[in-house]
Structure formats: C-alpha cells, structure tokens
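What follows is a single structure, written as structure tokens, with notes after it.
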C-alpha cells in the first residue's frame, strides 16, 4: 500500500483538496469492492502555524506535520497565490520537511499553484515544471531557475510531478494512479470522472490579462498605445512614435515591468482580440485576421496556433458561443 501525505497549505483551495481525496477514495473503494487491499493510505497534514480551520474530509482527519507516517508520495494542492511573497511566507514550515523527504527518495506532486511551494523549496531548480496557465508569468518571474513548461498539462522530472490549472489536477491524478497502480485502474477512473485522457496542453485555456499596476508610467502609456493601436499599426515602430523615449530605454523598462518584449505584447494583444472574435462573432477567419491587425492569413494561422495550441477554426469549434 502506498503511503500518501496530502498537505494542507495555508489558504488551500478547497476544490483542489476535494478532487484529490475524491479520486483516491474512489480508487480505494474499487479495490475494496474486489476484496483487495486499498491502493493508497491517505494522510492529511497541516503545519503547526496553520491559520486554516481544520475540517474532517470524509473521514480523513487531518493531523500535524510532525505526526506524519513516512510517506512514499507527497501531494501539494493549489493554494491562494494572489500575494506570492505572503503565500510562501505563510507556508515556510513545509519547506525543510519537503526537502528532507525528497532527499530520502520520496516523490512529490504539486497541483496547479501548489508548484509555488515547490518552487520556493528550491527542489524545482533546473527541472521542468508547470502550473496554472494564468499564474505562469508570475511563476517564471519568481523562480527563474525552473524550466517552466507553461503549456504542459503534467510534467515529471527526477521524482517531482507538477500539473497545470484546475481540471489538469485530474490528469496528474490519473498519471499517479497509473504509476502506483496500473493502466486498467487509471482508465477506469477516467471513465468514472469523465476525464479526457488525451489532453496534451493547456495553452488554449490561457487569457492574456496584462498588469498595469507596475508603477512605471512610461510603460503604462506604451501598453495603452499598443492596446489602442494594435489593429491599425503594422509595427512597434509605428506605435513608438507616440512615446517620448528612446527605443532602447523603453524596451528595457517594458520587459522589466511586464515580463514581455513589446513585440510579444503586441502579438498577445492581437491574438487575444482574435480569440474574442472567434468566441463571440460570426465573422469569417479572414475578417477576424484583418480586425486583429494582421494582413497575412498564413502567418496569422501560424501565430494563432503557436499561441493557442490549435488553429483558429478548432478554437472557434471549441469555444464559440451562440450568436443570434
């Protein structure tokens, strides 16, 4: 039987914890119904300085970290990272324990923003990892030594698993069930929870939501120009005519403030506009290309697929809302 430790970080996401427990409990029930031993022995653990209310999760009574049975696998659910520094500081007690466990051969798995705790531990340095697509920029800026694979649904590198956002949790759970159990039980759980096993990326769930609260007024003005002129100006040079600064100066400050070069920012703004038009209108692909600031259909398709992970037509088929 695999000993599993499920951590309860401060400000954990209840949905993340509930999904993990529900799936693993269902696996265990499957084995028990056949008269076999459970596959997983689940232990829910909280830190001494926890400021959470500690509920009982469907007969899983959480215990203090210090009481943990030696685990084979440690699971880190998603938690609130709206203030990254504060979120990490509130969960520092877990970090030395995670390091000791991994050094002794224990495998680790983080779900969604749980990757921030692993990133803070240093255990992801030099390794591949993923997290929620909307948290990827913040993660990359906070942990530059991690090889972030933002579009990946699940990663595994040297004993550490990570997953993307929200429903990507189920894909990592299936991988763990396959690896610690077998493919048959993983397929069974995919059917029970209606999980598409072939999802290979999460890029098409991404939304470009640029921050404007970085405090650099010149960069904010440049962002505003790009957002107002993306469909009228062919190049960054056209837009920079409105900005009272040298190209070199604004490029340096723009990258530092937004995490993107100006060309990347322009492309992401255009692609995001194209997504909205595909979702909400009956415009043709050609019309959408022109209204998004492009004039080469082949280049538009290539750029769109690179950003969204699928063609404009496939994206429309997946996300189109009904238009009267």
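Here is how the numbers come out for the structure above:
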item	result
Subset of region 166-182 that is out of contact with any strand residue (DSSP E or B) (no Cβ under 8 Å at 6 or more places or on another chain), under 22 Å from residue 98 (Cα atoms) and touching a residue at least 12 places away in the same chain (Cβ under 8 Å) - its residue that is surrounded by the fewest Cβ atoms within 10 Å (Cβ to Cβ)	177
Members of region 235-257 found to be under 24 Å from residue 291 (Cα atoms) and either touching a residue at least 60 places away in the same chain (Cβ under 8 Å) or not in a loop (DSSP other than H, G, I, E, B) (or both), listed by number	236, 237, 238, 239, 240
Selected residue (criterion: farthest from residue 75 (Cα to Cα)) from residues of region 138-167 that are out of contact with any helix residue (DSSP H, G or I) (no Cβ under 7 Å at 6 or more places or on another chain) and assigned to a helix (DSSP H, G or I)	141
Helices (runs of 4 or more DSSP H) wholly inside region 23-131 containing at least 1 residues that are more than 16 Å from residue 172 (Cβ to Cβ) and without any contact (Cβ under 8 Å) to a residue 12 or more places away in the chain	84-89, 94-103
Pick from region 298-315, criterion in a helix (DSSP H, G or I) and in contact (Cβ under 8 Å) with a residue 24 or more places away in the chain, ranking: surrounded by the most Cβ atoms within 10 Å (Cβ to Cβ)	304
Residues satisfying the stated conditions in region 52-64, i.e. in contact with a helix residue (DSSP H, G or I) (Cβ under 8 Å, 6 or more places away or on another chain) and under 26 Å from residue 132 (Cα atoms)	57
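Residues are listed down the side, and each one gets a yes or a no for (1) modelled with pLDDT of 90 or more; (2) farther than 30 Å from residue 318 by Cα; (3) out of contact with any helix residue (DSSP H, G or I) (no Cβ under 7 Å at 6 or more places or on another chain); (4) in a helix (DSSP H, G or I):
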{"residue": "177", "(1), (2), (3), (4)": "yes, no, no, yes"}
{"residue": "185", "(1), (2), (3), (4)": "yes, no, no, yes"}
{"residue": "214", "(1), (2), (3), (4)": "no, yes, no, no"}
{"residue": "264", "(1), (2), (3), (4)": "yes, no, yes, yes"}
{"residue": "269", "(1), (2), (3), (4)": "yes, no, no, yes"}
{"residue": "290", "(1), (2), (3), (4)": "yes, no, yes, yes"}
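The values are calculated or read from the model by the stated rules, or taken from the named source; none is laboratory data. Everything numeric here is computed off the predicted structure, so don't read it as measured data. Please note: Cβ atoms are built from the backbone with ideal geometry, for glycine as well, and neighbour counts cover all protein chains shown.
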